[in-house]
Amino acid sequence: MLHHPKLRGRPVAVGGSVEERHGIILARNYEARPYGVKVGQALWEARQKCPDLIIVPPDYDKYLRFSRMFRSILHDYSPQVEPFGLDESWVDVTGSLNLFGNGKAIADEIRERVKFELGITVSVGVSYNKIFAKLGSDIKKPDATTVIAEDNFREVIWPLPAAELLGVGRATQVKLSKYRIKTIGDIATCDVALLKRWFGKWGIFLHTFANGLDESPVAEAGEENVVKSVGNSTTCPRDLENDMDAHIVFQNLAESVAERMRDLGLQARTVEISLRNNELFRFTRQTTLPRPTHISGELCSAAMRLLRENHKWEKPLRSIGIRGTNLVPIGSTWQLSIFEDEAKRERAEKLEYAIDDIRRRFGHFAIERAFMRSDPKLGKLNAKDENVIHPIGYL
């Protein structure tokens, strides 16, 4: 709406492509909400609820540019800025209070600067820990500051639905409901031993979060969070019907995963695939590799072995994904094999680094494997990157 002012005041959503079968709502504005338009909803369903809904395509590059400009503003107030996704960050302003005033004053100043300099609005939560700051940013929208203090958090936080607490996903919410735990206050006052029995160690974390006892620090600028896995998945433009179809897509995904692992200085010891057929049944399988790798051919070969062992093509596949897990730094030691040609493997590794350089200079599709051109539509997919990161303090 910033770049297309005529859209202001009208129900607008960012949606995927029906033609490429990415037909879901990715984001929607406040005017679309009263109609029941929700993120993750199919486009046809959203249009049924709101016939006048305007759907625009996603623009990831623009999203990333605004995210960087937003974080640049945050760094003016503290060196401790810890990203939480692309459009949220925690900022520890403890050391800046003498310069800029109290937490609310700083939050209000940030909101005004973002509005004036970027032309968009933000909502800010101010609190004494990260969990409640995140909660506060979600309570009032758009363009609001919510303060949650140690002396009022029970009144503000505890009546909220349990699903609002960071760490309560859909599956956890269902399980909490089973035990008649409906609010954050119910989690806070529940016997921690019961939560541990029901959810393991994560039950203790939930109890800690709900009671405002989170003490995890905000990371300093430049500190890296721990990447637990690197993956890509995609909904294919047509159903995959055989091994060759799957091979083209897996190679496409594996190249992106391998390139990102090399950029991160990591190798995978385990490969996991996810498969979803045309009836939307989904399952995952994984295998441990004989040695860590960030070579796309090795990731793809492992994925294809898993596919052949676990899918017999009774039903076509609608979407697939590949993930490298059990990550170790490049240069980690491993047991060499007398049955493997190390010189050949080193050449393959150098080749992939050379391809990385070409693609950085001339674009991803400046160089491709020939077999992927047998079906150009499958060979050029809009894959979804899935770096799974554990925020510092939650390992």
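Amide H to amide H, with H built 1.01 Å from N, Gln267 comes under 5 Å of Val328, Ile330, counting only residues 5 or more places away or on other chains.
Using Cα atoms only, what is the angle between the long axis of helix 243-264 and the major principal axis of the chain, expressed in degrees (0 to 90) to the nearest 10? Orientation of helix 243-264: about 60 degrees from the principal axis.
Distances between every pair of Cα atoms in the range 21-115, grouped in 5 Å steps from 0 to the bin holding the largest one, split as 2, 11, 18, 15, 13, 12, 11, 9, 5, 2, 0 percent. Using only Cα atoms, tell me the angle between helix 201-210 and the longest principal axis of the chain; keep it within 0 to 90° and round to the nearest 10. Here the helix axis deviates by roughly 30 degrees.
3J(HN,Hα) along the range 31-47, derived from phi through the Karplus expression 6.51 cos²θ - 1.76 cosθ + 1.60 where θ = phi - 60°, amounts to 5, 7, 5, x, 7, x, 6, 10, 5, x, 6, 5, 4, 5, 5, 5, 5 Hz, with x in place of Gly and Pro. Each Lys and Arg contributes +1 and each Asp and Glu -1, all at the Cβ; summed about the Cα centre of the chain, the dipole is approximately 1160 debye.
Local charge for Tyr128 was computed over the other residues whose Cβ lies under 12 Å away, with Lys and Arg +1 and Asp and Glu -1, and equals -4. Near Pro142: Cβ cut-off under 11 Å, other residues only, Lys/Arg at +1 and Asp/Glu at -1. The net charge is +3.
For Val147, nonlocal amide neighbours, meaning residues 5 or more places apart or on other chains whose placed amide H falls under 5 Å from its own, are Val126. Against the empirical 2.2 N^0.38 Å (N residues), the chain has a Cα radius of gyration ratio of 1.11. Rounded to the nearest 10 degrees, the angle from helix 130-139 to the longest Cα principal axis of the chain is 80 degrees. Shown for the chain: the carbon plus sulfur share of the solvent-accessible area, taken with all protein chains present and a 1.4 angstrom probe, equals 53%. What are the ³J(HN,Hα) values, in whole Hz, obtained from phi via the Karplus relation 6.51 cos²θ - 1.76 cosθ + 1.60 with θ = phi - 60°, for each residue of the range 284-291 in sequence order, with x given for Gly and Pro? Per residue, the Karplus-derived 3J(HN,Hα) values read 10, 9, 9, 9, 8, 7, x, 7 Hz. Residues in the range 351-359 carry Karplus couplings, in order, of 4, 5, 5, 5, 5, 4, 5, 4, 5 Hz; the curve used is 6.51 cos²θ - 1.76 cosθ + 1.60 with θ = phi - 60°, and Gly or Pro positions show x. For the set Lys175, Lys350, the ranking by accessible area, highest first and with no ligand, DNA or RNA atoms included, is Lys350, Lys175 under a 1.4 Å probe.
The range 298-371 and the range 255-289 have Cα centres spaced 10 Å apart. Pairs from the table (Lys104/Lys130; Lys49/Lys178; Lys62/Lys115; Lys38/Lys201; Lys62/Lys228; Lys175/Lys201) lying more than 21 angstrom apart at Cα are Lys49/Lys178; Lys38/Lys201; Lys62/Lys228. Each Lys or Arg adds one and each Asp or Glu subtracts one; over the other residues with Cβ under 14 Å from the Cβ of Leu195, this totals +4. Work out the FRET efficiency for Thr288 and Val39 from their Cβ-Cβ distance, taking R0 = 35 Å, and round it to the nearest 0.05. Plugging the Cβ-Cβ distance into 1/(1 + (r/R0)^6) gives 0.50. Our note on the geometry: Cα centres of the range 73-113 and the range 1-62, 31 Å apart. In plain terms, the chain from Thr325 to Asp356 could stretch by 9.0 nm, reckoned as 0.36 nm per residue minus the Cα-Cα distance.
The values are calculated or read from the model by the stated rules, or taken from the named source; none is laboratory data. Nothing here was measured: the structure is a model prediction, and the numbers come from that model. Quick reminder, even Gly has a Cβ in these numbers, built from the backbone with ideal geometry, and neighbours come from all protein chains shown. What goes into the accessible areas is simple: the full protein's heavy atoms, side chains included, and nothing from ligands, DNA or RNA. Shrake-Rupley method; radii C 1.70, N 1.55, O 1.52, S 1.80 Å.
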